[in-house]
Structures are given as structure tokens and as C-alpha cells.
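The values are calculated or read from the model by the stated rules, or taken from the named source; none is laboratory data. Here the structure is a predicted model, which means the values were calculated and not measured. A quick note on method: Cβ atoms are made from the backbone with ideal geometry, for glycine too, and the neighbour counts reach across all protein chains shown.
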Amino acid sequence: MIVAIRDGLAAAGFPTLTFNYPYTESGRRAPDSPKRLLSCHRAAAEWFRTEVSPLMVMAGRSMGGRIASLLAAEGEACEGLILFSYPLHPAGRPEKLRKDHLTDIPVPVLSIVGTRDALATAEQYDRWVRPLPNVTTFDSEDADHAMRVRKASGRTNEHVLEEMIEVAAGWLHRLL
């Protein structure tokens with residue numbers, strides 16, 4: 001999905017970069033330590049700013065968005081942040097919220113969230129994320145954490161993907 005989003009944003013005229021975390025490259029399922037994930041994401045951001053453009057919006061889906069948001073909260077230079085399916089809590093642990101750093105993000109944020117996302121329920125999202133003044137939220141109707149929709153919704157997964165690209169590109173055009 002993130003590659004399709006990258007390609008869609010590139011087609012809309014935005015320079016883009018995707019990368020894999022070390023654990024993905026080595027074929028492991030278990031993520032690297034947060035320190036290693038942050039280091040990898042930071043290196044990719046620095047490379048982009050140096051080699052592609054000093055203007056940069058960090059983005060990520062699920063854990064990648066969480067890592068990007070932590071970097072933004074730490075002051076990593078960027079003009080904005082796009083979060084696709086931000087995991088407000090770990091699977092099966094709704095009491096362990098990952099929200100405290102969100103108030104420290106100094107840049108505009110676009111958050112695209114599925115209305116059926118089990119890792120960011122509407123109640124939790126509405127309480128902890130939606131009210132933040134720098135966050136613009138787009139609710140993808142009937143989408144789950146993987147941004148998949150049910151047949152009964154009348155929508156297709158392809159439509160959801162196109163919608164995410166369109167929303168992100170529109171937001172980027174207004175931001176940059």
C-alpha cells in the first residue's frame with residue numbers, strides 16, 4: 001500500500017521516498033528496537049533533505065507513521081506529517097495509548113484513519129487526536145487498520161487507496 005501511495009503522490013508532482021526498516025530487509029517479522037527504527041527513519045529523512053529537497057513532509061503507515069510522529073515531536077526538520085492508520089495503541093491493548101508525544105508535534109499533521117480501525121477506535125481517536133489544533137483528520141468510511149473495506153460498504157479497496165492519495169495530494173498542495 002505505501003508503495004502505491006508513493007507512486008500516486010509522485011504522479012501528483014511530489015518527490016517521494018520509501019524505505020524498509022532493517023528488520024524488514026532481513027526478512028524478520030519482529031520490529032527492530034524503537035531506537036533502531038528512529039535511527040533508520042532519521043537517516044532516510046536526512047538523505048531526502050540533502051539529496052532531493054530541503055522541503056520535506058514525513059509520512060508513514062501504522063508503525064512507520066508512529067516513528068515519523070516521534071521524530072517530528074523530537075524536532076526533526078519537516079514541514080508537515082502524514083499519518084496513515086496511526087496505531088493509537090498496540091493490538092489487544094487499548095489501555096496502552098501512544099498519544100503523549102502527539103501534543104509536541106510542531107507542524108501540521110494530516111491523519112487518515114479508517115472508521116473501523118481497531119488500533120484507533122473512534123472514541124479514542126475523537127478524544128485524543130481529533131481535537132489537536134494542528135491535526136487535520138480524514139475519516140475513510142468503513143476502512144479497517146489495513147484500509148480494507150467490506151463488500152457491503154459499496155466501496156472497494158482500490159477506491160480507498162485512490163481516496164487516500166487524493167486527500168494527501170490535496171493537503172500537500174495546500175501546505176507546500
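In the range 53-74, the residues that are within 19 Å of Leu172 (Cα to Cα) reach residues that are in a loop (DSSP other than H, G, I, E, B) and among the hydroxyl-bearing types (Ser, Thr, Tyr) with C-beta atoms within less than 9 angstrom, at least six apart or across chains, in these pairs: Ala59/Thr16; Gly60/Tyr86; Arg61/Ser85; Arg61/Tyr86; Gly64/Tyr21; Gly65/Ser85; Gly65/Tyr86; Ser69/Tyr86. Listed by position, the helices (runs of 4 or more DSSP H) contained in the range 7-82 that have at least 1 residues being of a type in the set (Asp, Glu) and surrounded by fewer than 17 Cβ atoms within 10 Å (Cβ to Cβ) are 22-25, 34-51. If the requirement is being over 25 Å from Thr18 (Cα atoms), crowded, with 17+ Cβ neighbours inside 10 Å and touching a residue at least 12 places away in the same chain (Cβ under 8 Å), which of these qualifies: Arg98, Arg116? Just one listed residue meets the conditions, Arg116. Screening Ile67 against (1) in contact with a Leu (Cβ under 6 Å, 6 or more places away or on another chain); (2) of a type outside the set (Ser, Thr, Tyr); (3) at positive phi leaves a single unmet condition, (3).
Among residues of the range 145-158 being charged (D, E, K, R) and assigned to a helix (DSSP H, G or I), the one that is surrounded by the fewest Cβ atoms within 10 Å (Cβ to Cβ) is Lys151.
Remark: pairs (first residue in the range 131-144, buried (at least 16 other Cβ atoms within 10 Å of the Cβ); second residue aromatic (Phe, Trp, Tyr) and assigned to a loop (DSSP other than H, G, I, E, B); Cβ separation under 6 Å; 6+ apart in sequence or on different chains) are absent.
For the range 113-143, which positions are under 21 Å from Leu71 (Cα atoms) and touching a Leu at 6+ places or on another chain (Cβ under 7 Å)? The answer is Leu119, Ala120, Tyr125, Trp128, Val129, Leu132, Thr136.
Looking across Ala120, Ala45, Ala30, Ala73, one residue alone is touching a Cys at 6+ places or on another chain (Cβ under 9 Å) and small (Gly, Ala, Ser). It is Ala45.
So which residues in the range 77-95 are under 14 Å from the mean Cα position of the chain (by Cα), closer than 20 Å to Val149 by Cα and without any contact (Cβ under 8 Å) to a residue 40 or more places away in the chain, if there are any at all? Once the filter is applied, which keeps residues that are under 14 Å from the mean Cα position of the chain (by Cα), closer than 20 Å to Val149 by Cα and without any contact (Cβ under 8 Å) to a residue 40 or more places away in the chain, the range 77-95 yields only Leu83.
Every condition in (1) more than 24 Å from Asp7 (Cβ to Cβ); (2) in contact (Cβ under 8 Å) with a residue 40 or more places away in the chain is met by Met164 except one, and the failing one is (1). Beta carbons closer than 8 Å, at least 6 apart along the sequence or on distinct chains, never pair a first residue in the range 2-16 that is closer than 12 Å to Glu166 by Cα with a second that is surrounded by 16 or more Cβ atoms within 10 Å (Cβ to Cβ) and at pLDDT below 95. Quick check, is Asp142 under 19 Å from Val167 (Cβ atoms), in contact with a Lys or Arg (Cβ under 7 Å, 6 or more places away or on another chain), modelled with pLDDT of 95 or more and assigned to a loop (DSSP other than H, G, I, E, B)? Yes: the conditions hold for Asp142. Filtering the range 128-139 to residues that are in contact with a Lys or Arg (Cβ under 9 Å, 6 or more places away or on another chain) and either part of a strand (DSSP E or B) or more than 26 Å from Ala4 (Cβ to Cβ) (or both) leaves Trp128, Thr137.
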